[in-house]
Amino acid sequence: VSRTWKVLAEDEVLWYRLCQQEGYLLDTSISDHSSWKLALKSCRARERALTTNWKNRIGAVSQLQYELGKVLCDVHSWDGVVIAGYTSGEVRLWDTRTWDYTAPILEAVHGPGDAGPQPHVSFVRINSSLAVAAYEDGTISVWSLLLGQEPIHHYQHNQRVQALALASEGATVATASGFQVKVESPNDKGVWQTAGSFDIQKLVNFLHVIPGVTGNPVAVAAAEDIVYLLKAEDPVKILHSVYGQPVTCLDVSAHEAAFGVKTFGWLLNEPNQILLYNLETSQCLRKMGNSMGDFTCVNLQNSPPNMLVAGNKDRRVRVFDLRRSQALCSLYAHHLGVTAVQMDDWKVVSGGEEGLVCVWDQRMGTKLWEMHARHPVRHVWFDSHSLITANVPEEKGPRGAPDDDFATHRKHRGTIYAYEFSVDQLAVESVLPICRSSYDEATGYNYNIGLTVPYDNI
């Protein structure tokens, strides 16, 4: 009706600000797009399409396999890059952001007498710049993702490593072996050194490096029923200790630590809980939950602000608001207990001991879909458009398999799956191999995946 109002309503600065307020295209300037109204429209449409694809399991799934690795030992991922360690002693990388990427094998340090079989890999971790692996013989190797396949740092523990932690950004590695915790990081000149070495009275079960710490690195370690705060060049500080109440899981964010505590039932008024501590003041902020089962996994670092998700042996996944003690929602998820969880503002992804990966709509409390593989789910990671899950076998040396066998039978190996839900990235090559096959098969079910060439009835 009014031309003046129309001009004002089409103003580029107005639409640019709206776009930024909604969290889209934050690193662009106003001159990068000719029409910010269209840019906001397309961003919203893409987000809606992604949510629909997640809910209906529309996308591409690929299996990351490495036959020569024998049995899978540990898996970790960061921003779509997956690292896997195997019983053959090899460490392998995949970049799931590009489908035609050939994964390098990270080479271990070989001594002069290392002619025999390599030790198994115990733990692997990865962040934006580093990859770390700990081996059964207590060796730790650190690789730079920018410099190639040779380790840039290498150190040794006398005993087997029980826990390995890598800072989510930066270059800090923490390892626990026996009663000792070591924290290693490079100095100003880039030379790696031991930033801190701590002697602890008990064996460490869980270890994390606190993200976003400037100066001396800080680690949190849970050893049986004590939680320690370990700061380089400072004495060991006890964050939490109650005799006879072991810690069953641990996660940290920049300012807080959350861990599950197991009580032994003679205190009927105090069942198993998750405790939230402030790392600066060492105060217990909140006690959450009252479950008869042990809390087996907790995710604080990747959860939305003031939220936390935890999995329990009683087969339930619980979402907590850190400002309340009761669970916001409790999802009856798995048959044998929950092993891995992650959430965002509308969904929860959980993995179970029986091999199921479930995706939940958090607000509705309903299961959207599930996928099953043979072994327990030990790793779950997702971002807006992709999901990575890993089923790691408990049995590292399957019975009946000869030691000199070239490759272990597929059912014993363990599996890593990468799902891609983004419409932009659903290239022809990324369709399931079975769906790319010729028309020799009879009929096939398309698993809700939009096929480039649908099956025909022949």
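The values are calculated or read from the model by the stated rules, or taken from the named source; none is laboratory data. Keep in mind that this is a model prediction, so the values were computed, not measured. Glycine gets a Cβ as well: all are built from the backbone with ideal geometry, and neighbour counts include every protein chain shown. Heavy atoms of the whole protein, side chains included, go into the accessibility calculation; ligands, DNA and RNA do not. Shrake-Rupley method; radii C 1.70, N 1.55, O 1.52, S 1.80 Å.
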Fill in the blank from the handout: Each label sits 7 Å from Cα toward the beta-carbon; between residue 335 and residue 422 the label points are separated, in nm, by 3.6 nm
Practice task
Evaluate the relative contact order of segment 242-396 (contact order divided by residue number), counting alpha-carbon pairs under 8 angstrom at least 6 apart; express in whole percent.
Solution key: 13 percent
Problem - For segment 11-157, the Rg and Dmax computed from alpha carbons only, in angstrom - result: 21.8, 72
Practice task
Along each of the three principal axes of the Cα atoms of segment 91-237, give the extent in whole Å, ordering the values from largest to smallest.
Solution key: 47, 36, 29
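Would you work out the relative contact order for the chain, in percent, from Cα pairs under 8 angstrom that are 6 or more residues apart?
Working: 1078 pairs, mean separation 51.3, N = 458.
This gives 11 percent for the chain.
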Practice task
Rounded to whole Å and sorted largest first, list the principal axis extents of the Cα atoms in segment 242-396.
Solution key: 39, 33, 30
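Among 374-380, 2-8, how do they line up by average Cβ neighbours within 10 Å per residue, starting with the highest?
On the way: 374-380: 21.9, 2-8: 8.4.
Highest mean packing first, the order is 374-380, 2-8.
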Practice task
Place +1 on the Cβ of every Lys and Arg and -1 on the Cβ of every Asp and Glu in the chain, take the dipole about the Cα centre, and give the residue among 412, 297, 389 whose Cα lies farthest towards its positive end.
Solution key: 297
Handout entry: Sum of side-chain charges, residue 296 neighbourhood, beta-carbon under 9 Å (Lys, Arg +1; Asp, Glu -1)
Key = -1
Practice task
For Rg/Rh (Cα atoms, Kirkwood Rh), several values are listed as (i) 1.03; (ii) 0.97; (iii) 0.99; flag the one computed from this structure.
Solution key: (iii)
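Cross-link list 313/411; 70/189; 70/262; 262/367; 189/237: which exceed 32 angstrom alpha carbon to alpha carbon? Show your work: numbers first, answer last.
Numbers: 313/411 26 Å; 70/189 39 Å; 70/262 36 Å; 262/367 28 Å; 189/237 29 Å.
Correct reply: 70/189; 70/262.
Give the calculated FRET efficiency between residue 324 and residue 410 to the nearest 0.05, with a Förster radius of 45 Å applied to their Cβ-Cβ distance.
On the way: r = 46 Å, r/R0 = 1.02.
Using R0 = 45 Å, I get an efficiency of 0.45.
Give the calculated FRET efficiency between residue 155 and residue 26 to the nearest 0.05, with a Förster radius of 35 Å applied to their Cβ-Cβ distance.
Numbers: r = 40 Å, r/R0 = 1.13.
It comes to 0.30.
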Completion exercise
For the chain, dividing by residue count, accessible area per residue (probe 1.4 Å) in Å² works out to 50 Å²
Fill in the blank from the handout: Between the alpha carbon centres of segment 235-264 and segment 181-222 the gap in Å comes to 17 Å
Practice task
Work out the FRET efficiency for residue 47 and residue 189 from their Cβ-Cβ distance, taking R0 = 45 Å, and round it to the nearest 0.05.
Solution key: 0.50
